[in-house]
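S.K.: Let me begin by handing over the structure; questions about it come next.
The values are calculated or read from the model by the stated rules, or taken from the named source; none is laboratory data. Predicted model, so just to flag it, every value in this text is computed and none were measured. Positions of Cβ are generated from backbone atoms using ideal geometry, with glycine treated the same way; all protein chains shown enter the neighbour counts. The accessibility values were calculated without ligands, DNA or RNA, using every heavy atom of the protein model including side chains. Shrake-Rupley method; radii C 1.70, N 1.55, O 1.52, S 1.80 Å.
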Amino acid sequence: MNNFRFFLLFLATISMTLIYSNRVVFGFTVICQQNGNESDVTEIVDPDYYLLDSMNVAWMFTSTAIGMCLGPAPFYFAHAVDTRVLIFSYGVLSALSSILYPWLDSLGFWPAMVSRFCAGFGQASQLHFTNDLVLRWTPQSEASFFFSIMLATSQFGPLITMILGGEMCSSSFFGWEGAYYILGVGTFIASSAFAYFYSDSVEENRHLTESEKKYILTGKHSTKEKQPVPYKALLKDCTIWISLLMFTGYYLAMIVYQQYSPIFIKQWSLVFYFLVFTVVLTSILYTVFSRVSAAPWTAQKRDPNGYTIYRLSDCSPPEPVTIPMPKEIKF
């Protein structure tokens, strides 16, 4: 198959997008779960429903975060395991966390919290599989493109989830449960397809043509054994610490926003839309005026020796100008 690497990128993007959606979907459906589906059919919520307690809702979000923290741990010990097994395992775990969630939700707080923990645990595989795909399957000239597409799944996921969650919550046929079923089944299909077509070795993949194999492997160095991690050198490198600080801040802000934004919008909709309008308007004005070249201007000032002219050209440093100064002015 020609350009098979792009087909593999497509499968990986769909799989990682849906796995990401499984993690954030609770933030969009919790509103319907607390208040009932916004459809023509009136739905009465049990007053003893555990999600009516704000502390339980906070623990549901927290369990997902704990799962994300613990999710990468198995990769350190499973480096000898075929990556396809890991892709399928994490994909199935994430899919089951969504498919079974409506049933576990009916059982109570603890089963539902375990489901949310598994959703976070499965989503922790995203960066690992992204690195594997880019390092093994990407020519050097296309590495940044592949990496940017894979990282964009953290934007595709919430986008799909917002649309799907809104439609399901307003549906009298599916209800909020439909969002979990659709995402879970889609995750299982996409992850299974990704695991089937993927392979750790580019040379042994039967779907690749010889010309594409040579193109991908050009300039790559194969490693047969796992290399020891230089922890001391990493801890002494300022770049590592700066990157760690940057990613920590980025993910903290993004995860908090993506998980709590639906609740915040519902409770503080007027304030939220005012803030969004202000930010968007400021961004537009800044973008427009930052692209407008400064018009050349001329200023004149009279001094005892005549006129002195100051000129400023378009966004470029002015040429040196000799300015005659009056003798009676001293510095």
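S.K.: Could you check the range 75-90 and list, in sequence order, the residues that are modelled with pLDDT of 90 or more, closer than 28 Å to PRO111 by Cα and surrounded by 13 or more Cβ atoms within 10 Å (Cβ to Cβ)?
M.R.: Scanning the range 75-90 gives LEU86, ILE87, PHE88, SER89, TYR90.
S.K.: In addition: Looking at the range 190-210, can you tell me whether even one residue there is over 25 Å from GLN123 (Cβ atoms), at pLDDT below 85, β-branched (Val, Ile, Thr) and surrounded by fewer than 19 Cβ atoms within 10 Å (Cβ to Cβ)?
M.R.: Within the range 190-210 (the criterion being over 25 Å from GLN123 (Cβ atoms), at pLDDT below 85, β-branched (Val, Ile, Thr) and surrounded by fewer than 19 Cβ atoms within 10 Å (Cβ to Cβ)), the answer is no, since none of the residues qualifies.
S.K.: PHE174 fails exactly one of the following numbered conditions: (1) open to solvent by 60 Å² or more (accessible area, probe 1.4 Å); (2) modelled with pLDDT of 85 or more; (3) touching a Phe, Trp or Tyr at 6+ places or on another chain (Cβ under 9 Å). What is the number of that condition?
M.R.: (2)
S.K.: Can you work out which of the residues in the range 45-72 that are among the hydroxyl-bearing types (Ser, Thr, Tyr) and without any contact (Cβ under 8 Å) to a residue 40 or more places away in the chain is surrounded by the fewest Cβ atoms within 10 Å (Cβ to Cβ)?
M.R.: This residue is SER54.
S.K.: Among the listed residues LEU159, LEU244, identify the single one that is within 30 Å of GLN34 (Cα to Cα), free of Cβ contacts under 8 Å to residues at least 60 places away in the same chain, out of contact with any Pro (no Cβ under 9 Å at 6 or more places or on another chain) and open to solvent by 70 Å² or more (accessible area, probe 1.4 Å).
M.R.: LEU159
S.K.: So for the range 179-186 (the condition being closer than 26 Å to LEU86 by Cβ, open to solvent by less than 80 Å² (accessible area, probe 1.4 Å), of a type in the set (Phe, Trp, Tyr) and in a helix (DSSP H, G or I)), does at least one residue qualify?
M.R.: Taking every residue of the range 179-186 in turn, at least one turns out to be closer than 26 Å to LEU86 by Cβ, open to solvent by less than 80 Å² (accessible area, probe 1.4 Å), of a type in the set (Phe, Trp, Tyr) and in a helix (DSSP H, G or I).
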